[in-house]
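The values are calculated or read from the model by the stated rules, or taken from the named source; none is laboratory data. Remember, it's a predicted structure, so these values are computed and weren't measured experimentally. When we count neighbours, we look across all protein chains shown, and the Cβ atoms used for this are built from the backbone with ideal geometry, even at glycine. Keep in mind that these areas ignore ligands, DNA and RNA; they rest on the heavy atoms of the full protein, side chains included. Shrake-Rupley method; radii C 1.70, N 1.55, O 1.52, S 1.80 Å.
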Amino acid sequence: MIRFDDVSVTYDGAAEPVVHGVDFEVPEGELVLLVGPSGVGKSTVLGAVSGLVPHFTGGTLRGRVTVAGRDTRTHKPRELADVVGTVGQDPLAHFVTDTVEDELAYGMESLGLAPEVMRRRVEETLDLLGLAGLRDRPIATLSGGQRQRVAIGSVLTPHPRVLVLDEPTSALDPAAAEEVLAVLQRLVHDLGTTILMAEHRLERVLHYADRVVLLPAPGEPPVVGTPPEVMAVSPVFPPVVALGRLAGWSPLPLTVRDARRRASDLKERLAASAADGTPATAAAGPSGLVAQFPTVTGRRFLFRRRSTFPTPEPRRTHIAEVRSLSVRRARVDALRHIDLTVAAGETIALMGRNGAGKSTLLSSLVGLLPPTTGTVTVGGVEPHRTAPPALVRRVGLVPQEPRDLLYADTVADECAAADRDAGAEPGTCRALVSELLPGITDGTHPRDLSEGQCLTLALAVVLTARPPLLLLDEPTRGLDYAAKARLVTVLRGLAAEGHAIVLATHDVELAAEIAHRVVLLAEGEVIADGPTAHIVVSSPSFAPQVTKILAPQQWLTVAEVREALA
């Protein structure tokens, strides 16, 4: 169905091709997963299938890409639209109408389908993706995850033979991601749809793939094989594979279920290390054996609840306080009676399903949305009443759409402007960019960066002012595991220096790595607020892979397991 014959793509002005020697085939009715580190050209490969590369992006494509027998060099995107449906990293770039139902119907209208066919398919898609309650909502009022589902639905309704998806679950909560992936699997198995998908959150999608195509580094040819074959050599891999490598399991497990079946020996070793007094970091739930409490520096210690009690933490300064906050947006109560305090040195993960109010709460903390009722104070001031030059030194926000913060023509200009705005030493922002994501050149236009690279640049711009309160909205969207590890290191360092961090995320692995507290939101209300270990371990939706594998022992990350075994 999709065939790459020795394909290379070189963009205008680039010295080297972004992808080189790409040669593989995607048979009809298979789901093929495209993986690799950030910046290796995954989006370029996907764009070549739909014809966006090179007809829209420019540059030179050598070799041949065919889809259903059509050569994409001689067929423009509009001539492939009846065969290929595409969802890119930025859902907003796809929308051409104002409401959810109109957007789902637009693609079919363009193809001239009969009204009765369009009506039936719209209803089917609303049900498949859980969008029925949003059918009349303006797209501008939806959360990022809801927009992602609408974008996916808009390409499903025309029933294309090929789907090309770039990070389709990046903005979805765990439950919504499972629902979308189950729909995609059904399309593959029942209807013979061919899917080529790029995704960094491999823990979500790996077990759905028939085959995996690995782009190991820029310009290197791909490695193609079954998921176990590719994961054995891949530089990017999910926690279940990392745990399998640590334990020496062969073949490597791809699912929590497979890993649980092999984990008995590992559980015994971990139990023995805990009994010997190893400074492990496992945390207890209802059984009450072990509990975990973070200190200001992020170090953790162990205590047995039945015999001793933890040393109280020193009282910390509250950087932000939210009291009885309610926010009404477009006739919707986005937040209701929120009480929250954020202390210096504390990292808080806001979690909950799409549309729960996470982004609205961050917007209130940075002054973008005034309270309908209640109060918000940050650094002793009310953000919505404070001028931006004064506010930027108290709180900084990296939004879901990081390009909203970027306006210069090059990375160097963007960094220089950030240094001036923050009153920082020249080169401060550029050093942060190099630390978070090496390899971005000064002359690169920010709009030419991948989603993950763009987010990294926006984060560096915000961090240049060193605000005491840092707000991040889906900070790992578009980041591979190595880039996410570098981000975790930076955030831990900031927390150790006394910065408070509040991040809205659906990435349960990130929350397990760095969050001291988890605040769960539902329908605009706080339904749980407590230590990370207690909240995520007790939630089937928000528990990380390691926790699920090693239950009832309550470990959160592979790093904790490695430390205990060492």
Next on the checklist: Within segment 439-553, considering only strands (runs of 3 or more DSSP E) that don't extend past its boundaries, which have at least 1 residues that are over 30 Å from Cys429 (Cβ atoms) and at pLDDT 85 or above?
Outcome noted: 517-522, 525-531
Checklist entry - What residue, among those in segment 199-210 that are in contact (Cβ under 8 Å) with a residue 60 or more places away in the chain and farther than 19 Å from Ala171 by Cα, is least open to solvent (accessible area, probe 1.4 Å)? => result Ala209
Item to check | Number of the condition not met by Ala417 [criteria: (1) within 20 Å of Gly39 (Cα to Cα); (2) at pLDDT 90 or above; (3) of a type outside the set (Phe, Trp, Tyr); (4) part of a helix (DSSP H, G or I)] | outcome: (1)
Checklist entry - Which residues, counting only those in segment 325-343, are among the aliphatic types (A, V, I, L, M) and over 18 Å from Gly530 (Cβ atoms)? => result Leu325, Val327, Ala330, Val332, Ala334, Leu335
Item to check | Top-ranked residue in segment 15-34 [being assigned to a strand (DSSP E or B), in contact with an Asp or Glu (Cβ under 8 Å, 6 or more places away or on another chain) and open to solvent by 40 Å² or more (accessible area, probe 1.4 Å); ranked as nearest to Ser450 (Cα to Cα)] | outcome: His20
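Name the one entry in Ser273, Ser359 that is at pLDDT 50 or above, among the polar types (S, T, N, Q) and under 30 Å from Leu172 (Cβ atoms). Lay out the reasoning, then the answer.
Numbers: Ser273 fails: under 30 Å from Leu172 (Cβ atoms).
Checking each option against the conditions leaves just Ser359.
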Checklist entry - Does Met108 meet the test of being under 28 Å from Thr44 (Cα atoms), at pLDDT 90 or above and surrounded by fewer than 21 Cβ atoms within 10 Å (Cβ to Cβ)? => result yes
Next on the checklist: So the check is Cβ under 7 Å with 6+ separation or different chains; which pairs have a first residue in segment 81-106 that's over 24 Å from Val67 (Cβ atoms) and a second one that's open to solvent by 50 Å² or more (accessible area, probe 1.4 Å) and basic (Lys, Arg)?
Outcome noted: Thr99/Arg137; Val100/Arg135; Val100/Arg137; Glu101/Arg135
Checklist entry - Can you name the helices (runs of 4 or more DSSP H) wholly within segment 141-248 that have at least 1 residues being among the β-branched types (Val, Ile, Thr) and within 22 Å of Phe4 (Cα to Cα)? => result 174-191, 227-231
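Yes or no, residue by residue, for (1) open to solvent by less than 20 Å² (accessible area, probe 1.4 Å); (2) within 18 Å of Ala356 (Cβ to Cβ):
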{"residue": "Cys454", "(1), (2)": "yes, no"}
{"residue": "Val461", "(1), (2)": "no, no"}
{"residue": "Leu510", "(1), (2)": "yes, yes"}
{"residue": "Arg517", "(1), (2)": "no, yes"}
Checklist entry - Taking segment 146-198, which residues are surrounded by fewer than 22 Cβ atoms within 10 Å (Cβ to Cβ) and among the polar types (S, T, N, Q)? => result Gln185
Checklist outcome for this item: (1) surrounded by fewer than 16 Cβ atoms within 10 Å (Cβ to Cβ); (2) touching an Asp or Glu at 6+ places or on another chain (Cβ under 8 Å); (3) at pLDDT 90 or above; (4) of a type outside the set (Phe, Trp, Tyr) all hold for Glu101 apart from (1)
Checklist entry - For segment 376-387, how many residues meet the condition of being closer than 17 Å to Arg328 by Cβ and either small (Gly, Ala, Ser) or at pLDDT 95 or above (or both)? => result 1
Checklist entry - Taking segment 211-223, which residues are out of contact with any Ser or Thr (no Cβ under 9 Å at 6 or more places or on another chain) and either within 30 Å of Pro158 (Cα to Cα) or open to solvent by less than 50 Å² (accessible area, probe 1.4 Å) (or both)? => result Val213, Leu215, Ala217, Pro222
Checklist entry - If you go through segment 48-95, how many residues are touching a Phe, Trp or Tyr at 6+ places or on another chain (Cβ under 6 Å) and at pLDDT 90 or above? => result 1
Checklist entry - Identify, please: which residue in segment 186-206 is out of contact with any helix residue (DSSP H, G or I) (no Cβ under 8 Å at 6 or more places or on another chain) and more than 27 Å from Lys548 (Cβ to Cβ) and is, among those, modelled with the highest pLDDT? => result Gly192
Item to check | Residue within segment 68-79 that is closer than 21 Å to Pro168 by Cα, out of contact with any helix residue (DSSP H, G or I) (no Cβ under 9 Å at 6 or more places or on another chain) and either open to solvent by less than 40 Å² (accessible area, probe 1.4 Å) or of a type in the set (S, T, N, Q) (or both) present | outcome: no
Item to check | Residue tally, condition open to solvent by 40 Å² or more (accessible area, probe 1.4 Å) and part of a loop (DSSP other than H, G, I, E, B), over segment 249-271 | outcome: 2
Checklist entry - Applying the selection to segment 463-491, what residues are open to solvent by 30 Å² or more (accessible area, probe 1.4 Å) and out of contact with any Phe, Trp or Tyr (no Cβ under 8 Å at 6 or more places or on another chain)? => result Arg466, Pro468, Ala482, Ala485, Arg486, Thr489
Checklist entry - When segment 423-438 is examined, which residues are found to be part of a loop (DSSP other than H, G, I, E, B) and out of contact with any helix residue (DSSP H, G or I) (no Cβ under 8 Å at 6 or more places or on another chain)? => result Gly423, Pro438
Checklist entry - Among all residue pairs at least 6 apart or on different chains, which show Cβ distances below 7 Å where the first residue, located in segment 231-251, is closer than 17 Å to Val32 by Cβ and the second is of a type in the set (Gly, Ala, Ser)? => result Val236/Gly36
Next on the checklist: Being out of contact with any Pro (no Cβ under 6 Å at 6 or more places or on another chain), part of a strand (DSSP E or B), more than 24 Å from Pro235 (Cβ to Cβ) and not hydroxyl-bearing (Ser, Thr, Tyr) is the requirement here; does Asp82 meet it?
Outcome noted: no
Next on the checklist: I need a count of the residues in segment 345-375 that are more than 23 Å from Gly493 (Cβ to Cβ) and either among the basic types (Lys, Arg) or in contact with a Gly (Cβ under 8 Å, 6 or more places away or on another chain) (or both).
Outcome noted: 8
Next on the checklist: Regarding segment 89-97, can at least one residue be identified that is surrounded by fewer than 22 Cβ atoms within 10 Å (Cβ to Cβ), within 25 Å of the chain's Cα centre (by Cα), not basic (Lys, Arg) and not in a loop (DSSP other than H, G, I, E, B)?
Outcome noted: yes
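When you check Asp404 against the structure, is it part of a loop (DSSP other than H, G, I, E, B), of a type in the set (Asp, Glu) and either touching a helix residue (DSSP H, G or I) at 6+ places or on another chain (Cβ under 9 Å) or touching a residue at least 12 places away in the same chain (Cβ under 8 Å) (or both), yes or no?
no
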Next on the checklist: Step by step: first the residues of segment 425-438, then only those that are at pLDDT below 90, surrounded by 17 or more Cβ atoms within 10 Å (Cβ to Cβ) and of a type outside the set (Val, Ile, Thr), then the one that is nearest to Val378 (Cα to Cα). Which residue is that?
Outcome noted: Leu432
